[in-house]
Amino acid sequence: MATVPGQLIWEIVKKNNSFLVKQFGRSHAGVRFSKEPNNLCNLHSYKHSGLANKKTVSIQAGGKDQSVVLATTKTRKQNKPASMVHKSVMRKEFSRMAKAVTNQVVANFYRPDLKKAALARLSVVHRSLKVSKSGAKKRNRQAVRMYGRQ
């Protein structure tokens, strides 16, 4: 079975698909987002599309533990969706995770154009996993203004 080229898939799904989110602002030009899986930036473009590209990168929170899942698609298993994604769980400190993501995305010549987006997504996911310290809240040190009689 021959696989369909990515450009053809993009031409079919770029105008309308179930993952497309259109946001219209004050100007006539609207911003288009995408909720498709394996889309790092959630932008509706061919570069970031998880449907049209054979090589995709995804970074998500691992679950209840403080882990991050780096998922890449295998190029040889395009017609087998169950075994198409290679997932690796990372439970290290941030600098080591950043180095692992860089090695996986750039050093192996997988998708070097997504390095900046992958590191930005890793930073956001890692920051969301941090548990806030349950200590005393900081007092507001600004002067309190009292109106009326004193």
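Mind listing the phi-derived Karplus ³J(HN,Hα) values for region 55-62, rounded to whole Hz, using 6.51, -1.76 and 1.60 with θ = phi - 60°, and x for any glycine or proline?
Taking θ as phi minus 60°, the curve returns 9, 10, 10, 9, 10, 9, 6, x Hz for region 55-62.
May I ask you to give the percent of accessible area on region 1-78 that is carbon plus sulfur, with a probe radius of 1.4 Å?
54
How would region 44-98 be classified by its alpha-carbon gyration tensor: rounded, prolate or oblate, with rounded meaning a/c under 1.5 and the a/b versus b/c comparison settling the rest?
prolate
Which pairs in the list K15/K77; K64/K87; K55/K92 are over 23 Å apart, alpha-carbon to alpha-carbon?
K15/K77; K55/K92
Just flag the trypsin sites (Lys or Arg not before Pro) in region 15-94 sitting in loop per DSSP whose Cβ has no more than 16 other Cβ atoms within 10 Å.
Answer by residue number: K15, R26, K35, K47, K54, K55, K64, K74, R76, K77, R91, K92.
What accessible area per residue, rounded to a whole number of Å², is obtained for region 47-124 using a probe radius of 1.4 Å?
Dividing the accessible area of region 47-124 by its residue count gives 60 Å².
Taking square-rooted eigenvalues a ≥ b ≥ c of the alpha carbon gyration tensor, is region 2-101 rounded, prolate or oblate, where a/c under 1.5 means rounded and, failing that, a/b exceeding b/c means prolate?
oblate
The values are calculated or read from the model by the stated rules, or taken from the named source; none is laboratory data. Here the structure is a predicted model, which means the values were calculated and not measured. Backbone-built Cβ (ideal geometry, glycine too); neighbour counts: all protein chains shown. Surface accessibility is based on the protein's heavy atoms, side chains included, excluding ligands, DNA and RNA. Shrake-Rupley method; radii C 1.70, N 1.55, O 1.52, S 1.80 Å.
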